[in-house]
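Peer 1: I'd like to ask some things about the structure below.
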């Protein structure tokens, strides 16, 4: 446990001094996508539901925030709240529809519903079509902090990110989170134990949508832009990639994945379609070679090393431990579910 | 000329024909998806990219080898199917023991690679593909003008759907396939080579997508992104129809194409979203889809 606190302290110090080393706008973008990916992971990694339409919550919240800040002249805190509220409402509607089906159908339904939001955004007058909402004013937070200052903006983004991450961490480690994991492992069993599985799924979906909306709202303030890119299915694919690459079902995995994917985007931005090709290759490689993602694999490695140094009697069997797959020679008990392994 | 509910009949029938053509593509594509899903339990996200590849192979053959439309109609699906079979053998095969969602993720990645590569080489502007001269021109039906090529597209897709249906319902191979969809292990125990059947099914589904791509080439310009938006609509079609029956996916495809065409006439703003709205309604009333079995 002490190790965790040390790591946390190091991370906090690194986060505070990072903008002196790295380009702040890049950091803010990465933090927004990291929060987005963590919110997405809450659904994929902990409930085992693969949504292919999370861009709808992210992008539409960005539009709502942009509209509230620019046209209605709201303060940034209220504009961000408005965006988050819109995403929550959207999440409630989409979630109620999507949880009626499972597995592959769930993915297709969320994708289709998100595409509907995309077409709506393309046509609705307030989104300004191809131009998007530009020059969104950042304003002054609580009337005190001037967000036009890049440094102040960075710390605002950092605070939102930390708050979101803390909320997700608390949720995952609460009794509610345990039920979610039970649903992921065996839905029928959870039903038979008397849990109202649909309620749990819907609550998780709405939470995930709301936090994705929060990330999108803050992103709209950072770039002062809300555009069609944010609601496109491509963004939905990117958040899946971030989570998969970093490690689904781990709290920190999506953060790592988001930083890596955003870095790739920045480096290859001028090389046309190469970003898409590289993202596709990462998808294929991760699915075929390391399905636990970077953080998941590191976790497994760490546990294996520790098990070797500690007497065998005190360690639980491998299959029961988090992040450890049963050894290859044992027959697998059943098909492994997505997100399993934490 | 008379008018129907305030709409000139040329506009009405013109849009209905466009809807029918869209429906033809929905039907062929969702048929391929349903076939692959039935046996492999994988949703083939690469389907849109393979449709695009079909159109591109036809275009490339015409441009660099002078091979015209008619041979392309056979050759392009075969070429794309071979690529698909390689993908199935090398990559998809490794995922059958895992959760089906990994198959979705893998094929999504493959779709990104294929589309990105074509975009990198050919850009996003469309390449024109001329209508073969046997099918140019059209008929004046009195109430509307019917371009020959469009009529051909509808007929060809109907023929493809009917052929597939006969193959699956009336032949021994189709019987094996249906049995394999029900219980692959048992079919294997009877001595049928299921892995080969799985490979061929994937190849056939992919070939259907490529066939639709060749049909589409003269209507829509051949461009790398032509498949990605279409495939999302086809997913909605599949959710509405349910993947339980072959006939079901064909009928749903055509019906939704027509509904989309009608929406273009009466309320154009909703024409791009109407299929998704229908999907939402179907999910509320009959979650398993119109022709689906509850799972």
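Peer 1: Taking chain B as the region of interest, what is the percent of Cα-Cα pairs per 10 angstrom bin, listed from the shortest bin to the one with the maximum distance?
Peer 2: 6, 27, 35, 23, 8, 1, 0
Peer 1: Can you tell me the Rg and the Dmax, both Å, for the Cα atoms in segment B:34-146?
Peer 2: 17.8, 58
Peer 1: Defining a contact as two alpha carbons under 8 Å apart and six or more residues distant in sequence, what relative contact order in percent does segment A:41-87 show? Please report the intermediate quantities before stating the final value.
Peer 2: Working: 33 pairs, mean separation 16.6, N = 47.
Rounded, it is 35 percent for segment A:41-87.
Peer 1: Checking the a/c ratio against 1.5 first, then a/b against b/c, what shape does the Cα gyration tensor give for segment A:59-106?
Peer 2: Taking the square roots of the gyration eigenvalues as a ≥ b ≥ c, segment A:59-106 is prolate.
Peer 1: Calculate the mean, over all residues of peptide B:95-103, of how many other protein chain Cβ atoms lie within 10 angstrom of the residue's Cβ.
Peer 2: Mean partner-chain Cβ count within 10 Å for B:95-103: 6.
Peer 1: With the cut-off at 1.5 for a/c, could you classify segment A:1-48 from its C-alpha gyration tensor as rounded, prolate or oblate? Provide the component values of the computation, followed by the final result.
Peer 2: Working: a/c = 5.32, a/b = 1.23, b/c = 4.33.
Here segment A:1-48 falls in the oblate category.
Peer 1: Suppose R0 equals 41 Å; then what is the FRET efficiency for residue B:221 and residue A:148 from their Cβ-Cβ distance, rounded to the nearest 0.05?
Peer 2: Efficiency, from the Cβ-Cβ distance: 0.35.
Peer 1: Contact order normalised by length for segment A:117-213, with contacts defined as Cα pairs under 8 Å and 6 or more residues apart; what percent is it?
Peer 2: 11
Peer 1: Return one quarter of the surface area of the convex hull spanned by the alpha-carbon atoms of segment A:2-295, equal to its mean projected area, in nm².
Peer 2: 15.7
Peer 1: Given the convex hull over the Cα atoms of segment B:188-295, what projected area results after averaging over all orientations, in nm²?
Peer 2: Averaging across all directions leaves 9.1 nm² for the Cα convex hull.
Peer 1: When the chain is fully extended, how far beyond the present Cα-Cα distance does residue A:126 get from residue A:77, taking 0.36 nm per residue of separation? Spell out each step's value before the answer.
Peer 2: Numbers: separation 49, 0.36 × 49 = 17.64 nm, distance 2.08 nm.
This chain segment gains 15.6 nm when fully extended.
Peer 1: Follow-up. For A:117, A:264, which order do you get if you count the other beta carbons within 10 Å of each Cβ and list the fewest first?
Peer 2: By the 10 Å Cβ count, ascending, the order reads A:264, A:117.
Peer 1: Continuing with the same structure: Taking neighbour counts of Cβ atoms within 10 Å as a proxy for exposure, in what order, fewest first, do A:184, B:188 appear?
Peer 2: Numbers: A:184 21, B:188 14.
With the fewest neighbours first, A:184, B:188 line up as B:188, A:184.
Peer 1: Can I ask one more? For all pairs of alpha-carbon atoms in segment A:218-267, what percent lies in each bin of width 5 Å, listed from the first bin to the last filled one?
Peer 2: For segment A:218-267, the binned pair fractions read 5, 20, 20, 27, 20, 7, 1 percent.
Peer 1: Using a 10 Å cut-off on Cβ to Cβ distances, tally the other chain neighbours for every residue of A:275-286 and report the average as a whole number. Intermediate results must be reported in sequence, preceding the final value.
Peer 2: On the way: counts 2, 10, 8, 3, 5, 11, 5, 2, 9, 9, 1, 4.
So the per-residue partner count for this stretch is 6.
Peer 1: So what is the relative contact order for chain B, in percent, with contacts set as C-alpha pairs under 8 Å and at least six apart? Please list the in-between numbers first.
Peer 2: Details: 419 pairs, mean separation 109.6, N = 295.
Dividing the mean separation by the residue count of chain B yields 37 percent.
Peer 1: Against the 2.2 N^0.38 Å scaling, with N counting residues, where does the protein assembly as shown land? I'd like the Cα-based Rg ratio to two decimal places.
Peer 2: On the way: Rg = 25.5 Å, N = 637, 2.2 N^0.38 = 25.6 Å.
The reported ratio for this selection is 1.00.
Peer 1: On to the next question. Between residue B:190 and residue A:195, how high is the FRET efficiency from 1/(1 + (r/R0)^6) when r is the Cβ-Cβ distance and R₀ = 30 Å? Nearest 0.05.
Peer 2: 0.15
Peer 1: How many Cβ atoms of partner chains, on average, are near each residue of B:283-292 if near means within 10 Å of its Cβ?
Peer 2: Whole-number average of other-chain Cβ neighbours for B:283-292 is 3.
Bear in mind that the values in this text are calculations on the coordinates, not laboratory data. Note that the coordinates shown come from a computational prediction; the quantities given were computed from them, not determined experimentally. Heads up, the Cβs are rebuilt from the backbone with ideal geometry, glycines too, and the neighbour counts pull from every protein chain shown.
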